[in-house]
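Asks: First the structure, which I've put down as structure tokens, then a few questions once you've had a look.
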Amino acid sequence: MISARWSGWEYLDFQNKFDVVIVGGGYSGLWIACDLRKAYPHYRIAVLERNVAGAAASSKNAGFACAGSASEVLADVDRMGFDRATELLHMRLQGIERIRNHFSDSNIGYEAVGGWEVFPEAMRAVYDGVLERATELEEINRGARGQWIKLRPKQTPELRSREKLHWVGHPAEGGLNPLKLLRQLEKKAHRAGVAIFRGVDVIAFNENSHGIDLNTSMGPVKADRMILTTNGAASHLVPEINVQPARAQVLLTEPLPDLSFRGVFHRDEGYYYFRNVGNRVLIGGARNEDFTGETTMEMGTSARIQEALERVLREEILAGLDYVVAHRWSGLMGMPSQKVPVQRWVSNRIYASVGLGGMGVALAPMLALSAVADFKKA
């Protein structure tokens, strides 16, 4: 049954067999579509997105163009080893550079404000542990694009905290407008000749010797190959992909006339993050307060996480200032088992590029290049 929402022209376009169908129209899907089209100009490529605008993550994230905090990267070293953690960090930094090489700062709302990791006095032991590993951090920093970390910055932001704060600087980081970046990627894809279909939910698919038959909310689609970029929702379509969904909650205040700081900030191994958006404060995260509850595909917010965010806002960022929360929302991330993105052929015709671990802004541009390289090898 074909949806009455479509005209005959749209239906006929939809029914032509595609060389590649990309399921997921966020950053990952659009970067891959553009790079694949450049590598294979004759390919007929379609992007299917069930939401209006990559609404699970790409239009819902906090707009951080970051590579990770010092304590987070050191924790990665402990979990996955020095070489792998360093490679992942440098990939994120290269991804940020690639974004800025493709789009002007004004078109994506990029601000080179620099980043900070903040340690309240209650986390002094963690801060001291970072300083004790200074030599290791210098080695990680070697070869990075731009200066990534500065252990003892001379100037620190003017947060209104009830307790003493300790700082590590991240000069190479910045903030951007995630929806503007998504729109620029859409324009790039359209110019390249990629067909983008929004409001199309892939319900199921069948792989056979002739290609892939997709059953969607707007009717059947045929493709020679399929790329899955639905990140946290990947296991819904391909259960053997080991990527867990993870909800990330955010709040944004009304404008504050006395807001004196600028920058992007990490706290508690990146589980908390905050930044200024003009004269507003955005703060998100706190997933570590309820891992079980936040391992979900459900959008929305919870009192437990929102209260944790406001506690940090009141005590470490805006102590003594009145504020009003203007918006609360959530996005969905994809968390791989080893924190390394999942990029592989699931079968002869199905490729997955998922599990970006909350770093989709920085990782998607580089993973797209890897995906095209894998296509060339296939």
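Asks: Given R₀ = 56 Å, FRET efficiency for ASP83-TRP9 by Cβ-Cβ distance, to 0.05?
Replies: 0.60
Asks: Mind giving me the FRET efficiency for ILE203 and ASP374? R0 is 35 Å, r the Cβ-Cβ distance, nearest 0.05 is fine.
Replies: Working: r = 26 Å, r/R0 = 0.76.
Approximately 0.85, to the nearest 0.05.
Asks: Would you mind checking which residues have amide H under 5 Å from VAL277's amide H? H placed 1.01 Å from N; only 5 or more apart, or other chain.
Replies: LEU282
Asks: Something else now. Taking N as the number of residues in the chain, what is its Cα Rg relative to 2.2 N^0.38 Å?
Replies: Expressed relative to 2.2 N^0.38 Å, the Cα Rg reads 1.01.
Asks: In debye, nearest 20: dipole of region 81-184 around its Cα centre with unit charges on the Cβ of K, R (+) and D, E (-)? Please list the in-between numbers first.
Replies: On the way: 16 positive and 15 negative charges, 68 e Å.
Value, rounded to 20: 320 debye.
Asks: In the neighborhood of GLY193, defined by Cβ-to-Cβ distances under 14 Å, what is the net charge if each Lys or Arg adds +1 and each Asp or Glu adds -1? All intermediate terms of the calculation are to be shown ahead of the outcome.
Replies: Details: positive: ARG37, LYS38, ARG44, LYS187, LYS188, ARG191; negative: ASP13, ASP19, ASP35, GLU186.
Summing Lys/Arg as +1 and Asp/Glu as -1 gives +2.
Asks: Take the cross-link list LYS38/LYS222; LYS150/LYS339; LYS60/LYS339; LYS180/LYS376; LYS17/LYS339 and give me the ones stretching past 29 Å between alpha-carbons.
Replies: On the way: LYS38/LYS222 22 Å; LYS150/LYS339 25 Å; LYS60/LYS339 21 Å; LYS180/LYS376 31 Å; LYS17/LYS339 35 Å.
Among LYS38/LYS222; LYS150/LYS339; LYS60/LYS339; LYS180/LYS376; LYS17/LYS339, the Cα-Cα distance tops 29 Å for LYS180/LYS376; LYS17/LYS339.
Asks: Fully extended, how many nm does the chain gain between LEU151 and ASN348 (0.36 nm per residue separation, minus their Cα-Cα distance)?
Replies: Contour length minus the Cα-Cα distance gives 66.2 nm.
Asks: Determine the calculated [θ] at 222 nm for the chain from helices alone, applying -39500 (n - 2.57) to every DSSP H run no shorter than 4 residues and normalising by the residue count; nearest 500 deg cm²/dmol.
Replies: Estimated from H runs of four or more residues: -10000 deg cm²/dmol.
Asks: Something else now. For region 1-147, take the alpha-carbon Rg, divide it by the Kirkwood Rh, and send me Rg/Rh.
Replies: Numbers: Rg = 21.1 Å, Rh = 19.1 Å.
That ratio is 1.11, to two decimals.
Asks: Where does region 91-145 land on the Kirkwood hydrodynamic radius, alpha-carbon pairs, in angstrom? Let's see the in-between values first.
Replies: On the way: mean 1/r = 0.0717 Å⁻¹.
It is 14.0 Å.
Asks: Using the crude model of +1 on Lys and Arg Cβ and -1 on Asp and Glu Cβ, and no other charge, please compute the dipole size for region 233-378 relative to its Cα centre, in debye to 20.
Replies: I would put it at about 700 debye.
Asks: Choose one of TYR43, LEU252, ALA319: the residue whose Cα lies farthest towards the positive end of the charge dipole of the chain (beta-carbon charges +1 Lys, Arg; -1 Asp, Glu; about the Cα centre).
Replies: Value computed over the given set: TYR43.
Asks: Taking the simple approach of a point 7 Å from Cα along Cα-to-Cβ for both HIS236 and GLU315, what is their distance in nm?
Replies: Inter-label distance under the simple model: 3.6 nm.
Asks: With only Lys, Arg, Asp and Glu charged, each at its Cβ (+1 for the first two, -1 for the last two), find how big the charge dipole of the chain is about the Cα centre; round to the nearest 20 debye.
Replies: 1120 debye
Asks: Do you know the relative contact order of region 13-164, to the nearest whole percent, from alpha carbon pairs under 8 angstrom that are 6+ apart?
Replies: About 18 percent, as a whole number.
Asks: Compute the distance in nm between two label points, each set 7 Å from the Cα along the Cα-to-Cβ direction, one at THR135 and one at ARG328.
Replies: Between THR135 and ARG328, the simple spin-label model gives 4.8 nm.
Asks: Choose one of LEU165, PHE291, ASN141: the residue whose Cα lies farthest towards the positive end of the charge dipole of the chain (beta-carbon charges +1 Lys, Arg; -1 Asp, Glu; about the Cα centre).
Replies: Farthest along the dipole direction, towards plus: ASN141.
Asks: Show me the ranking of peptides 282-288, 20-26, 106-112 by mean Cβ neighbours inside 10 Å, starting with the highest. Before the final figure, lay out each step's value.
Replies: Numbers: 282-288: 22.6, 20-26: 28.4, 106-112: 16.6.
Top of the packing list down: 20-26, 282-288, 106-112.
Asks: Still on this structure, please answer the following. What is the helix-to-structure angle for 360-377, meaning the angle in degrees between its Cα long axis and the longest Cα principal axis of the chain, kept from 0 to 90 and rounded to the nearest 10?
Replies: That works out to roughly 40 degrees.
Asks: Could I ask something else about it? Need one number: nm distance between label points at LEU252 and ALA112, each 7 Å from Cα along Cα→Cβ, rounded to one decimal.
Replies: 2.5 nm
Asks: Round to the nearest 10 and give me the degree value, 0 to 90, for the angle of helix 27-39's Cα axis relative to the longest principal axis of the chain.
Replies: 50 degrees
Asks: Angle between the Cα long axis of helix 303-312 and the longest principal axis of the chain, 0 to 90 degrees, nearest 10?
Replies: It is inclined by approximately 40 degrees.
Asks: May I ask you to compute the full-extension gain from LYS180 to GLU121, defined as 0.36 nm times their residue separation minus their alpha-carbon distance, rounded to one decimal in nm?
Replies: Extending this stretch completely gives an extra 17.5 nm.
Computed from the coordinates by the stated procedures, all read-outs in this text should not be read as laboratory data. None of the values given here were measured: they were computed from a predicted structure. Using ideal geometry, Cβ is built from the backbone for each residue, glycine included, and neighbour counts are taken over all protein chains shown.
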